[in-house]
Amino acid sequence: MKKVNYLGVAISVIGFFTGLLLFYLLAENYMLVVHGKIAGGRPDEALAVMITSSMLGWLGIGASGLWGAVLYGFVTNQEWSWRYGKIAAALQMLAGFFPTIPAKSIDLPAATMPVFIIATILWFGVMYIGKVNRKLLIFLFIAGMAYVLSYVNGVAIISKYQTTTYNDVWKGMYAVVFAVTWFASASWLILSFGVLQRKTFTIPLGIMAAIMSMIGGYTLAVVNIMEVHRFSMFLLAPLVSTGLLIYLCFPGTKKLLTEWESKHYI
């Protein structure tokens, strides 16, 4: 077995146990955060935590199964293994990052932050194994930001839908646009896998993901700005997506995303 394959095996094993760590941390802190939100007078955010922590647990803990497949791939010298490792790491990055937000908002420890940090290191590790060039790495990292931020906006809509009792149009708007932000998040994740596979569908998929994130994100941000009369953090996802949309339309982007050169790790 070559040296780089040993690295892949080590990453896979760590990724597997990272999912189990997430299992423990989410289970331990799940109701603690929910009770904290209710005690702080935010039952709307408590419901959002209940929904999203469960979902992120399914994704992040389930990624341990994917890491098992990746481990098999590295042990048997399968060229696809590092690509699937990238997806497993990305799932655990999201699962480790978002639960820290509601916890810190009520002065509780960011219990799942170690999962996010470990998964981020694993993400860069599999990119190293795949010999991904620097320009492509930067694009994938920014697309990863859009993936996370679009998901966060969807979570915010869960809370906004419950607390908006003074404007039926806005409430209806939250109801019909809610899942669009999560569709955008999922599309950014699929795009990143398509890029590593050099698939031609990545650019149209990216355009679709950007537009969905912009539709949901700008809508949420504009209403929030009207309510609080200051900059809205909900702008981050649509702004990043707008930048990616412009970039995807450049002529040279197709060559970067579908024709990039890489040395096989085997």
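Exactly one residue out of PRO114, PRO102 is loosely packed, with under 15 Cβ neighbours inside 10 Å and in contact (Cβ under 8 Å) with a residue 40 or more places away in the chain: that is PRO114. Filtering the stretch 195-220 to residues that are touching a residue at least 24 places away in the same chain (Cβ under 8 Å) and under 15 Å from GLY154 (Cα atoms) leaves ALA209, ALA210, ILE211, MET212, SER213, MET214, ILE215, GLY216, GLY217, THR219, LEU220. Would you call ALA221 touching a Phe, Trp or Tyr at 6+ places or on another chain (Cβ under 7 Å), in the same structural domain as ASP168 (by TED's automatic domain parsing) and not hydroxyl-bearing (Ser, Thr, Tyr)? Yes; evaluated as a whole, the condition is true for this residue. Might you let me know whether the stretch 3-22 holds any residue that is free of Cβ contacts under 8 Å to residues at least 12 places away in the same chain, of a type outside the set (Phe, Trp, Tyr) and not assigned by TED's automatic domain parsing to the domain that holds GLY144? The answer is yes, given that some residue of the stretch 3-22 is free of Cβ contacts under 8 Å to residues at least 12 places away in the same chain, of a type outside the set (Phe, Trp, Tyr) and not assigned by TED's automatic domain parsing to the domain that holds GLY144.
Checked against (1) modelled with pLDDT under 95; (2) closer than 30 Å to ILE158 by Cβ, ILE61 meets all criteria but (1).
So that you can scan it fast, the table gives a plain yes or no per residue for (1) at pLDDT 90 or above; (2) out of contact with any Gly (no Cβ under 7 Å at 6 or more places or on another chain); (3) surrounded by 14 or more Cβ atoms within 10 Å (Cβ to Cβ); (4) under 20 Å from TYR151 (Cα atoms):
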site: PHE178; (1), (2), (3), (4): no, no, yes, yes
site: THR181; (1), (2), (3), (4): yes, no, yes, yes
site: ALA209; (1), (2), (3), (4): yes, yes, yes, yes
site: TYR218; (1), (2), (3), (4): yes, yes, yes, yes
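Residues that are more than 21 Å from ILE101 (Cβ to Cβ), out of contact with any Pro (no Cβ under 9 Å at 6 or more places or on another chain) and in a helix (DSSP H, G or I): does the stretch 52-63 have at least one? Yes, there is a match, as at least one residue in the stretch 52-63 is more than 21 Å from ILE101 (Cβ to Cβ), out of contact with any Pro (no Cβ under 9 Å at 6 or more places or on another chain) and in a helix (DSSP H, G or I). Could you please give the count of residues in the stretch 137-155 that are of a type outside the set (Val, Ile, Thr) and either within 11 Å of the chain's Cα centre (by Cα) or assigned by TED's automatic domain parsing to the domain that holds ILE11 (or both)? Qualifying residue count, the stretch 137-155: 9. The residues of the stretch 9-59 that are under 20 Å from GLY125 (Cα atoms) and over 22 Å from the mean Cα position of the chain (by Cα), listed by number, are VAL9, ALA10.
The values are calculated or read from the model by the stated rules, or taken from the named source; none is laboratory data. All values derive from a computational prediction rather than experimental measurement. Because the Cβ atoms are built from the backbone with ideal geometry, glycine has one as well, and the counts that use them run over all protein chains shown.
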